[in-house]
Amino acid sequence: MSPSSASLSALYRDHLEVLQQRAAVALQRGGYDHLLIAAGKTKYQFLDDRPYPFAINPHFKAWVPLTEHAESWLAITPGQPPRLIYFQPDDYWHLPPAAPSGYWVEHLDVQVINQPEQAKALLPDPSRAAILGEPDAALPNVVPNNPDSVINYLHFHRAYKTPYEIALMAQASARAVTAHRAAEQAFRAGASELDIHRAYLAACQHNDLDLPYGNIVALNEHAAVLHYQYQQAEKPTQSRSFLIDAGAQVSGYAADITRTYGNGHALFEQLVAGVDRVQQDLASQVRHGKDYRQIHLDTHRQLADVLVDLGVLKGSAEAAVAERVTSTFFPHGVGHLIGLQVHDVAGFQRDEDGGRIERPDGHPFLRLTRPLASGMAVTIEPGIYFIPTLLSKLKASAAASMVDWQVVEHLLPFGGVRIEDDVVCTESEPLNLTREAFARL
């Protein structure tokens, strides 16, 4: 159930208090008096007057639930209410933003402008400010400096979600799961990738530009392409398998969910069930103090068991991990931070000052190496794939004898399996936003 406007207002008020505390510490560490955040500018295609889709500065939408408000600014000074400089152009070519309204407005000092340059007079002294944004967001004498001392602190703490943020992420999960159900129904009815994608968009009430990332809608062998980027309009002769990695967003906060479905083939259905069991066990490990790198390494151990049980691999699961055979079938990381961005920032950051926690040797694509702590939101996404280019390399290696290549050939037409949930680390049991949303439908 979505929070009421009154409860969202209270959650937002508390969220602002946390952000103001973080900003005050970050400014003190950097020796600044003010924090200025540029929403960003609309960018245009080369030799054309057509704009690229606008992507707002994530630092901006951390403070206000606005995602389409180019040329706006935030000014944060410790001890004062945050000032939002809200750009509302007098425009008849495009629909301008509506007047500021909603549960969040009463908590801010909102100033409306209709010319971008008017923002400068409403900003505090930029010479004493940390200014966050892209270079082209600059105003005269107000130039983003993005100081590391401030950025590192804010990025490190952004991993710890407030109750307000978790509430919005839960809403995003509910929206995405409704659409996942619609996509599965379209697959069962024999739809093309494009028609499945359209069913997804209709169910979550998004268009392509609203999505937090481009949907991966993959039938059959296309499920073996990790970031498959197309949606084919032609229906396949036979829909053997379906992998959908698709999200939604609410007020700038993302959901990132993957499901895989078979169409009655016994061995592939067993593979899906095996990956799902592993995924749920891994999600249960999202606990305060847990080293996320260990979850990733355990993923290889558990997926090796699945591959041995199904006859894809010969010998022991331990040997398959030791020889890195599992990296052919599971070549990516087990997940990442999620929130304001699908792949949220500071996944490798050692502490508030910066630094880096390295990935385990031999695992170059893991996106998160920090120990987990209460408030962190992460994805858990194990997978088993049959990727021709990786399989050919394995077949030419000394470890080729560990694989039953007849079983591999049998599963190649199905592409692969990935199951992904969004999970919040708490002081006790993990909060699985994805499974809770599916359970309600």
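The values are calculated or read from the model by the stated rules, or taken from the named source; none is laboratory data. Every value quoted in this text rests on a predicted model; they were computed, and no experiment measured them. Because the Cβ atoms are built from the backbone with ideal geometry, glycine has one as well, and the counts that use them run over all protein chains shown.
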Residues located in the stretch 188-211, provided they are more than 20 Å from the chain's Cα centre (by Cα) and buried (at least 24 other Cβ atoms within 10 Å of the Cβ): Glu193, Ile196
Show the residue pairs meeting these rules: Cβ distance below 8 Å; 6+ apart or different chains; first residue within the stretch 196-215 and farther than 13 Å from Val177 by Cα and touching a residue at least 60 places away in the same chain (Cβ under 8 Å); second residue among the hydrophobic types (A, V, I, L, M, F, W, C) and surrounded by fewer than 21 Cβ atoms within 10 Å (Cβ to Cβ). Pro212/Val342; Tyr213/Val342
Based on what the data block shows, is Ala266 among the hydrophobic types (A, V, I, L, M, F, W, C), over 23 Å from the mean Cα position of the chain (by Cα) and at pLDDT 95 or above? yes
Using beta carbons and a limit of 9 Å, which pairs, at least six apart or on different chains, have the first residue in the stretch 300-318 and outside the structural domain of Ala400 (by TED's automatic domain parsing) and the second one modelled with pLDDT of 95 or more and charged (D, E, K, R)? none
What are the pairs, 6+ residues apart or on separate chains, where a residue within the stretch 101-126 that is closer than 21 Å to Leu19 by Cβ and in contact (Cβ under 8 Å) with a residue 12 or more places away in the chain has its Cβ under 7 Å from a residue that is assigned to a helix (DSSP H, G or I) and not hydroxyl-bearing (Ser, Thr, Tyr)? Tyr103/Leu8; His107/Arg13; His107/Leu16; Gln111/Leu122
Keeping to the stretch 272-301, report how many residues are of a type in the set (Asp, Glu) and farther than 22 Å from Pro364 by Cβ. 2
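Yes or no, residue by residue, for (1) outside any loop (DSSP other than H, G, I, E, B); (2) under 24 Å from Tyr292 (Cβ atoms); (3) hydrophobic (A, V, I, L, M, F, W, C):
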position: Ser327; (1), (2), (3): yes, yes, no
position: Gly335; (1), (2), (3): no, yes, no
position: Glu358; (1), (2), (3): no, yes, no
position: Gly362; (1), (2), (3): no, yes, no
position: Ala377; (1), (2), (3): yes, yes, yes
position: Ile384; (1), (2), (3): yes, yes, yes
position: Glu409; (1), (2), (3): yes, no, no
position: Leu412; (1), (2), (3): yes, no, yes
Please state which of the following conditions Leu132 fails to meet, knowing it meets all the rest: (1) under 26 Å from the mean Cα position of the chain (by Cα); (2) surrounded by fewer than 20 Cβ atoms within 10 Å (Cβ to Cβ); (3) over 30 Å from Ser4 (Cα atoms); (4) not assigned by TED's automatic domain parsing to the domain that holds Phe348. (2)
Given the conditions (1) in a loop (DSSP other than H, G, I, E, B); (2) modelled with pLDDT of 95 or more; (3) more than 27 Å from the chain's Cα centre (by Cα), which single one is not true for Glu106? (1)
Can you name the number of the only condition in (1) of a type in the set (A, V, I, L, M); (2) surrounded by fewer than 20 Cβ atoms within 10 Å (Cβ to Cβ); (3) in a helix (DSSP H, G or I); (4) free of Cβ contacts under 8 Å to residues at least 60 places away in the same chain that Leu267 fails? (4)
Can you find a residue that is part of a loop (DSSP other than H, G, I, E, B) and charged (D, E, K, R) anywhere in the stretch 58-80? yes
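Can you find, within the stretch 283-294, the residue that is nearest to His180 (Cα to Cα) among those that are surrounded by fewer than 23 Cβ atoms within 10 Å (Cβ to Cβ) and not hydroxyl-bearing (Ser, Thr, Tyr)?
Result: Gln285.
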Given the structure, is Ala304 over 20 Å from Leu366 (Cβ atoms) and part of a helix (DSSP H, G or I)? no
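Table: residues versus (1) modelled with pLDDT of 95 or more; (2) among the polar types (S, T, N, Q); (3) surrounded by 19 or more Cβ atoms within 10 Å (Cβ to Cβ); (4) within 16 Å of Gly383 (Cβ to Cβ).
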{"site": "Ala317", "(1), (2), (3), (4)": "yes, no, yes, no"}
{"site": "Ala322", "(1), (2), (3), (4)": "yes, no, no, no"}
{"site": "Thr328", "(1), (2), (3), (4)": "yes, yes, yes, yes"}
{"site": "His332", "(1), (2), (3), (4)": "yes, no, yes, yes"}
{"site": "Asp351", "(1), (2), (3), (4)": "yes, no, no, no"}
{"site": "Arg356", "(1), (2), (3), (4)": "yes, no, no, no"}
{"site": "Pro360", "(1), (2), (3), (4)": "yes, no, no, no"}
{"site": "Phe365", "(1), (2), (3), (4)": "yes, no, no, yes"}
{"site": "Thr369", "(1), (2), (3), (4)": "yes, yes, yes, no"}
Within the stretch 3-30, can you find the residues that are in a loop (DSSP other than H, G, I, E, B) and in contact (Cβ under 8 Å) with a residue 12 or more places away in the chain? Pro3
Would you confirm, using the coordinates I've provided, whether Gln45 is within 22 Å of Leu122 (Cβ to Cβ), of a type outside the set (Asp, Glu) and either touching a helix residue (DSSP H, G or I) at 6+ places or on another chain (Cβ under 9 Å) or in the same structural domain as Ser149 (by TED's automatic domain parsing) (or both)? no
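Can you tell which of Ala167, Ala186, Ala199, Ala182 is closer than 19 Å to Ser2 by Cα and of a type outside the set (Lys, Arg)? Walk me through how you get there before you give the answer.
On the way: Ala186 fails: closer than 19 Å to Ser2 by Cα; Ala199 fails: closer than 19 Å to Ser2 by Cα; Ala182 fails: closer than 19 Å to Ser2 by Cα.
Selected residue: Ala167, the only one of Ala167, Ala186, Ala199, Ala182 that is closer than 19 Å to Ser2 by Cα and of a type outside the set (Lys, Arg).
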